[in-house]
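Have a look at the structure below, then the notes.
The values are calculated or read from the model by the stated rules, or taken from the named source; none is laboratory data. Only a predicted model underlies this, so the values are computations on that prediction, with no experimental measurement involved. Don't worry about glycine lacking a Cβ; one is built from the backbone with ideal geometry, like all the others, and counts go over all protein chains shown.
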């Protein structure tokens, strides 16, 4: 489709807006509709559009298969790592006691950044978890596109 | 500092879940193997610690994210789930220990780190289904374990492996969807997803049609996942074409977890009174399992591929577990639960032996295995002992569970069931003998005559499992004893 100038130009114009919208959905997801999954799909759709218009080799230069594969794992690791982090950081209980937190208990993330307010832990926790989801979903969607687009035509 | 003791239930799930992406990030073959191996054994150690803790001080509850149930997800380790977690993690770890040489041969080296990651994810899913006390979480973990097992099966060397995986994927997805429909209906009736909370709120006497439909959907969904006789069609191909290590792991664990979920469903949610008195599930179970045992065992006799033969035998053996549930007594249920454990060991051991043959001979067709008993005596001996366990010969684990099922079917006043169980064991004798005869008494095939004995790294774990089938055939404190406790726990819990 690279030979159609209109498609080429329009694609190049709208891709930044798609990416920006994805980031908006991602980071505003804590307060409004949206979140990691939706943002990830939108973000990946920018890659897929680029791949459809400029071809598979071009998109693979932007997002190499190896990197995309590692990103899938990285997203999951951020999510689960947040949970592990909450287990490693004790939360302060009554009278300065240190309490063991449970997996994904966001209150553990509270006291380290007090200036963010009383619910800072909740905010940071969901932010990290959604970031993990977003990264994984973006990478998986791109990978699915690669898997279908990269298939050799069946002979005979 | 982290207080490990209070976090054990979640570590059992999180450890393999975190290690899987780390394996992908690291890449490489040796490092990821060692990492996966260490984690698998750690998980086994944790599950053992949990089981001991449960035996001493009762069920462990763990609230994720400190959200109180029924609002949050709760993990529960009790007598039954602790027992199942223990043997699933044991088989996961021992199969991985055994598998290095087999994985090196059967799976492309560039995909090894992905294989280990997927293996750990599969383990996470199976353990998660077992430990969770949240009904929707059961579905999530079911999907994690199913998706990863489809991927694992499709790694098989044969070109039919992806097809077998697709076949499993389609049926498995139907099964999971049915389960989800059932969960949705239960949620609609009770407004909660926590199993204990659902059980408290569900009015099983006046549930009406919605309850019945939910019950039917969930039962059929799980029947597909555990490959009960008329819904078993995905299983023979999946087991036959998967890599040997995957077959050993999945055959030993996956279907048992679905049986476990089924037991939970009946005793934890719908109550046995509804399932067996209001609904005729007990007669249905007895009929289906007996027909399944006979047809699957008869089909096993006619197979020329040993993996496929054992796959059909697995379908038959699931029948014995359901038979135990269908007898509706503490003894029967305990027999069914202990058969889950014993069959996991026996089938795991048998498929591990088959993996050794596949490594050295390159095929598991009966024709190619002719005379392998001379060149691979240790592997053949292991297969023979495992086969005896499958038949249920005294002094093997298989005998214990069949004995418990027999006595409880007499107690339940169903001597005809007992008689049919005995006859079906004869079918097992036929198909096991067929393989043993080929191994020991046939003229060696070309491939078998040239074969060497399997490497020590595979034989030692193989013999650990095979020895376990003999040990648990004699010493039953940790198998039948724990199963008895679990069954009593379920029955008293159900009456309250």
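In segment B:181-193, which residues are buried (at least 18 other Cβ atoms within 10 Å of the Cβ) and either under 24 Å from the mean Cα position of the chain (by Cα) or within 20 Å of residue B:278 (Cβ to Cβ) (or both)? Residues satisfying the conditions are B:182, B:183, B:185, B:186, B:190.
Comparison of A:25, A:84 shows that the only residue that is within 14 Å of another protein chain (Cβ to nearest Cβ), surrounded by 14 or more Cβ atoms within 10 Å (Cβ to Cβ) and modelled with pLDDT of 85 or more is A:84.
Among B:142, B:163, which is the only one that is under 23 Å from the mean Cα position of the chain (by Cα) and over 29 Å from residue B:337 (Cβ atoms)? Result of the check over B:142, B:163: B:163. Note on segment A:100-147: among residues that are modelled with pLDDT under 75 and out of contact with any helix residue (DSSP H, G or I) (no Cβ under 9 Å at 6 or more places or on another chain), the one that is farthest from residue A:38 (Cα to Cα) is A:115. Within segment B:138-156, the set of residues being in contact with a helix residue (DSSP H, G or I) (Cβ under 7 Å, 6 or more places away or on another chain) and over 21 Å from residue B:252 (Cβ atoms) comprises just one member, B:139. Scanning segment A:51-81 for residues that are part of a helix (DSSP H, G or I), crowded, with 20+ Cβ neighbours inside 10 Å and either away from chain B (no Cβ under 11 Å) or modelled with pLDDT under 85 (or both) returns A:51, A:59, A:68. Quick one: count up the residues across segment B:13-60 that are away from chain A (no Cβ under 11 Å) and in contact (Cβ under 8 Å) with a residue 24 or more places away in the chain. Residues flagged as away from chain A (no Cβ under 11 Å) and in contact (Cβ under 8 Å) with a residue 24 or more places away in the chain within segment B:13-60 amount to 23. Among the residues of segment A:4-15, is any crowded, with 20+ Cβ neighbours inside 10 Å and at pLDDT 90 or above? No - not one qualifying residue is present in segment A:4-15.
With the structure loaded, tell me whether residue B:103 is surrounded by 19 or more Cβ atoms within 10 Å (Cβ to Cβ), within 14 Å of another protein chain (Cβ to nearest Cβ) and under 22 Å from residue B:345 (Cβ atoms) or whether it fails that test. So residue B:103 fails the test.
In segment B:240-285, what residues are over 13 Å from the mean Cα position of the chain (by Cα) and closer than 22 Å to residue B:170 by Cβ? B:240, B:241, B:242, B:243 - these are the residues of segment B:240-285 that are over 13 Å from the mean Cα position of the chain (by Cα) and closer than 22 Å to residue B:170 by Cβ. One residue is enough: does segment B:302-323 have a residue meeting the conditions touching a helix residue (DSSP H, G or I) at 6+ places or on another chain (Cβ under 7 Å), under 30 Å from residue B:460 (Cβ atoms), surrounded by 24 or more Cβ atoms within 10 Å (Cβ to Cβ) and without any contact (Cβ under 8 Å) to a residue 60 or more places away in the chain? So far as segment B:302-323 goes, no, none of its residues is touching a helix residue (DSSP H, G or I) at 6+ places or on another chain (Cβ under 7 Å), under 30 Å from residue B:460 (Cβ atoms), surrounded by 24 or more Cβ atoms within 10 Å (Cβ to Cβ) and without any contact (Cβ under 8 Å) to a residue 60 or more places away in the chain. Against the test of being outside any helix (DSSP H, G or I) and more than 9 Å from every other protein chain (Cβ to nearest Cβ), the options B:5, B:95, B:76, B:88 yield a single qualifying residue, B:76. From the list B:395, B:422, the lone residue that is within 23 Å of the chain's Cα centre (by Cα) and under 26 Å from residue B:290 (Cα atoms) is B:395.
Of the set (1) within 14 Å of chain A (Cβ to nearest Cβ); (2) at pLDDT below 90; (3) assigned to a helix (DSSP H, G or I), all apply to residue B:68 but (3).
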